[in-house]
Amino acid sequence: MSDLELQRLADLSDDELAAAYTPEREPWLRVNFVSTVDGAAQGSDGVSKSINNDADKRVFDALRRRAHCLVVGAGTLRDEGYDVPPIPLVVVTRSADVPPTLRGAPRGRILMATVASSDGLTAAREALGEDNVMALGEDEIDLVALKSALVERGWTEQLCEGGPSLFADLLAAGVVDELCWTIVPALTGGDAVRIATGAEVEVALRPALLLEQDGTLLGRWLVE
């Protein structure tokens, strides 16, 4: 029987919330997602912003403050309209295309993980800098090598914000340590994308934290 207790998010100070998400070891790669009760990782407009809420935003911000870097798939960056974040952002893309909203970022704030066979490799290196573009594999991105390469830069607490196909690939590669999952009290139906799609995986999880605010559940699930 688990001794996990449901806690009120509002009862935690910002420092206590940050401490509640302390990794068990280093390096540590956590993935953060929000979904509806029926598993939709996006609203009817195709983005997650339309289903998240204040409780999710508070934990989202807390995780970013803890993280040394963000890891996000290029498709998600484009779909969600990402701006340049306050911490280094690693774009994961086989095409080596820099999303439009990130092209004016200061040198060193945007990095890229891509493949050696990409036609866009040279242009990406010119845009981001030679040292900021990692060719990790010939045709497929080596996600084990990516995690290690980020650790070599001193980024031991890594945060991935999706998308669903990258999450599945990271699980398949065995590099995910934790899922941070917000479940908002809503149902959407339809054929919305789930939080993990693509690669078939079977991964056991252990609940480590469960918070609640106004019907929204926010949990930490550790990969066994």
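The values are calculated or read from the model by the stated rules, or taken from the named source; none is laboratory data. Since the model is a prediction, treat every value here as computed from it, not as a measurement. Heads up, the Cβs are rebuilt from the backbone with ideal geometry, glycines too, and the neighbour counts pull from every protein chain shown. For accessibility, only protein heavy atoms count, side chains too; no ligands or nucleic acids. Shrake-Rupley method; radii C 1.70, N 1.55, O 1.52, S 1.80 Å.
Can you compute the FRET efficiency between ALA186 and THR101 using 1/(1 + (r/R0)^6), with r the Cβ-Cβ distance and R0 = 30 Å? Round to the nearest 0.05. Present the calculation step by step, with values, prior to reporting the outcome.
Numbers: r = 28 Å, r/R0 = 0.92.
Using R0 = 30 Å, I get an efficiency of 0.60.
Would you work out the relative contact order for region 1-133, in percent, from Cα pairs under 8 angstrom that are 6 or more residues apart?
On the way: 147 pairs, mean separation 20.2, N = 133.
Averaging sequence separation for qualifying contacts and normalising by length gives 15 percent for region 1-133.
Roughly how many percent of the accessible protein surface of the chain is carbon and sulfur, given a 1.4 Å probe and a whole-percent answer? Before the final figure, lay out the partial values.
On the way: 5250 of 11000 Å².
Of all accessible area on the chain, carbon and sulfur atoms account for 48 percent.
Can you give the local net charge around PRO207? Use residues other than it whose beta-carbon is closer than 15 angstrom to its beta-carbon, Lys and Arg +1, Asp and Glu -1. Walk me through the numbers on the way to the answer.
On the way: positive: ARG30, ARG206, ARG220; negative: ASP3, GLU5, GLU24, ASP177, GLU178, GLU212, GLU224.
After counting each charged neighbour, the total is -4.
With +1 assigned to the C-beta of every Lys and Arg and -1 to the C-beta of every Asp and Glu, and no other charges, what is the dipole magnitude of the chain about the Cα centre in debye, to the nearest 20? Write out the running numbers ahead of the final one.
Details: 20 positive and 37 negative charges, 105 e Å.
The dipole of the chain has a size of about 500 debye.
Under the rule of at least 5 residues apart or a separate chain, name every residue whose amide H is placed under 5 Å from the amide H of MET134.
MET112, ALA113, THR114
Provide the gained length on full extension for the span LYS49 to ARG94, in nm with one decimal, where the gain is 0.36 nm per separating residue minus the Cα-Cα distance.
Full extension from LYS49 to ARG94 adds 13.7 nm.
Please give the net charge around TRP221, taking every other residue with its beta carbon less than 11 angstrom from that of TRP221, where Lys and Arg add +1 and Asp and Glu add -1. Provide the component values of the computation, followed by the final result.
On the way: positive: ARG30, ARG206, ARG220; negative: ASP177, GLU178, GLU224.
In short, 0.
Of the options GLY81, ALA10, THR93, report the single residue whose Cα projects farthest towards the positive end of the charge dipole of region 3-98 (beta-carbon charges: Lys, Arg +1; Asp, Glu -1).
THR93
Accessible area, 1.4 Å probe, largest first: how do ARG58, ARG153, ARG25, ARG30 sort?
ARG25, ARG153, ARG58, ARG30
If DNA, RNA and ligands are ignored and the probe is 1.4 Å, what is the ranking of LEU70, LEU217 by accessible area, most exposed first? Could you put the intermediate results ahead of the total?
Numbers: LEU70 0, LEU217 65 Å².
Putting LEU70, LEU217 in descending order of accessible area: LEU217, LEU70.
I need the calculated FRET efficiency for the pair GLU130 and ALA199, taking r as the beta carbon distance and R₀ as 41 Å, to the nearest 0.05. The partial results should precede the final answer.
Details: r = 31 Å, r/R0 = 0.75.
Here the calculated transfer efficiency is 0.85.
Using the charge dipole of the chain (Lys, Arg: +1 at Cβ; Asp, Glu: -1 at Cβ; taken about the Cα centre), state which of ALA19, LEU217, ALA199 has its Cα farthest towards the positive end.
ALA19
Calculate, for the chain, the solvent-accessible area per residue in square angstrom, rolling a 1.4 angstrom probe over the heavy atoms of the protein chains. If you can, show how the numbers build up before the last one.
Values: 11000 Å² over 224 residues.
Spelled out: the 1.4 Å probe surface of the chain, per residue, equals 49 Å².
Between ASP214 and GLU24, what is the spin-label point distance in nm, taking each point 7 Å from the Cα along the Cα→C-beta axis?
3.3
Report the FRET efficiency, 1/(1 + (r/R0)^6), for LEU12 and ARG153, where r is their Cβ-Cβ distance and R0 is 35 Å, rounded to 0.05. Intermediate results must be reported in sequence, preceding the final value.
Numbers: r = 31 Å, r/R0 = 0.88.
Efficiency, from the Cβ-Cβ distance: 0.70.
Which residues does a label at VAL37 reach in region 183-224, if reach means a backbone N under 16 Å from a point 7 Å past the Cα toward the Cβ?
Answer for this model: 183-190, 212-218.
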